Amino acid sequence: MAVACGRFLAFIDSDCRPEKDWLERGLARLAQAEVIGGRVEVVVEDVHAMRPVEAFEKVFAFPNKAYVQRKGFSITANLLMRRAVYDTVGGFRSGVSEDLEWCQRARAQGYPVVYADDVVVLHPARRDFSELLRRWKRLTREAYLLTLERRFGRVRWALRSWVVLLSPFGHLFQVLVSPKLERTRDKLAAIGVLFAIRAVRFVEAHRLLVRRE
């Protein structure tokens with residue numbers, strides 16, 4: 001960041017591919033907003049031969065609109081801001097959920113994130129369960145460490161873990177009606193991965209609690 005000299009900053013993950021007008025549209029949006037989060041579209045290698053994890057990711061991965069509008073943060077796979085805001089808020093913290101933590105600080109200082117649906121990047125879906133498992137173990141640990149900084153953090157984390165375990169029952173309908181999956185077998189495969197990964201997240205959450213990491 002020290003060598004960046006422009007008036008605007010645009011963040012994107014290394015495995016993402018921006019739409020050709022991504023930067024142009026992002027800069028246009030920054031004329032009215034100070035921090036924006038754009039849409040992250042999950043893409044698969046072959047929509048007619050999706051693996052179970054790809055089907056799951058197609059429905060559930062990177063719901064940035066919900067993150068911005070319901071939780072007030074954007075993932076760094078598609079985050080743009082004015083440089084002056086970054087300098088005021090400060091840099092990203094490592095070891096915790098850096099995008100969430102940074103956006104919380106920005107919001108507290110009067111810089112809310114605005115969602116921009118026309119600012120689009122494409123993110124490849126993970127293809128096997130081991131990739132998905134690595135991602136969620138990392139995210140779970142980062143979220144745990146951030147939660148510990150809040151009052152009654154361990155209690156909050158324990159309660160949240162049970163919500164995660166039971167959450168697949170509330171998301172079944174989302175899979176079944178999703179326009180992102182056309183074939184019944186892809187929907188069923190996504191549901192199977194949904195239950196499996198949420199169970200893994202529950203176990204990992206309690207492992208962190210017991211070990212007090």
Every residue from region 199-211 that is of a type in the set (K, R) and surrounded by fewer than 19 Cβ atoms within 10 Å (Cβ to Cβ): R207, R211
Complete set of residues in region 22-60 that are of a type outside the set (A, V, I, L, M, F, W, C), surrounded by 15 or more Cβ atoms within 10 Å (Cβ to Cβ) and more than 13 Å from K180 (Cα to Cα): R25, G26, R29, E34, G37, G38, R39, R51, P52
Odd one out for R51, checked against (1) over 24 Å from Y86 (Cβ atoms); (2) out of contact with any helix residue (DSSP H, G or I) (no Cβ under 9 Å at 6 or more places or on another chain): (2)
Single unsatisfied condition, D87 versus (1) acidic (D, E); (2) over 24 Å from E57 (Cα atoms); (3) touching a helix residue (DSSP H, G or I) at 6+ places or on another chain (Cβ under 7 Å): (3)
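I need the full set of residues from region 62-75 which are part of a loop (DSSP other than H, G, I, E, B) and either buried (at least 19 other Cβ atoms within 10 Å of the Cβ) or of a type in the set (S, T, N, Q) (or both), in order please.
Filtering region 62-75 for residues part of a loop (DSSP other than H, G, I, E, B) gives 62-63, 72-75.
Residues satisfying the conditions are F62, F73, S74, I75.
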Contacts under 8 angstrom Cβ, first residue in region 85-97 being within 18 Å of G6 (Cβ to Cβ), partner assigned to a loop (DSSP other than H, G, I, E, B), 6 or more apart: V85/E34; V85/Y111; Y86/M1; T88/Q109; T88/Y111; V89/Q109; V89/Y111; G91/M1
Selection within region 56-87 - in contact with a Ser or Thr (Cβ under 9 Å, 6 or more places away or on another chain), under 21 Å from L133 (Cα atoms) and among the aliphatic types (A, V, I, L, M): V59
Count of residues meeting criterion [in contact with an Asp or Glu (Cβ under 8 Å, 6 or more places away or on another chain), more than 19 Å from D13 (Cα to Cα) and of a type outside the set (A, V, I, L, M)] in region 53-82: 0
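Any residue at all in region 22-41 that's charged (D, E, K, R) and free of Cβ contacts under 8 Å to residues at least 12 places away in the same chain? Working first, answer last.
In the first step, residues of region 22-41 are kept if they are charged (D, E, K, R); the result is 24-25, 29, 34, 39, 41.
Those left that are additionally free of Cβ contacts under 8 Å to residues at least 12 places away in the same chain: 24.
For region 22-41, residues charged (D, E, K, R) and free of Cβ contacts under 8 Å to residues at least 12 places away in the same chain: present.
All of the numbers you see were taken from the coordinates with simple rules; none came from a lab. Computed from a predicted model, the values in this text were never measured in an experiment. Reconstructed Cβ throughout: ideal geometry from the backbone, glycine too, with neighbour counts over all protein chains shown.
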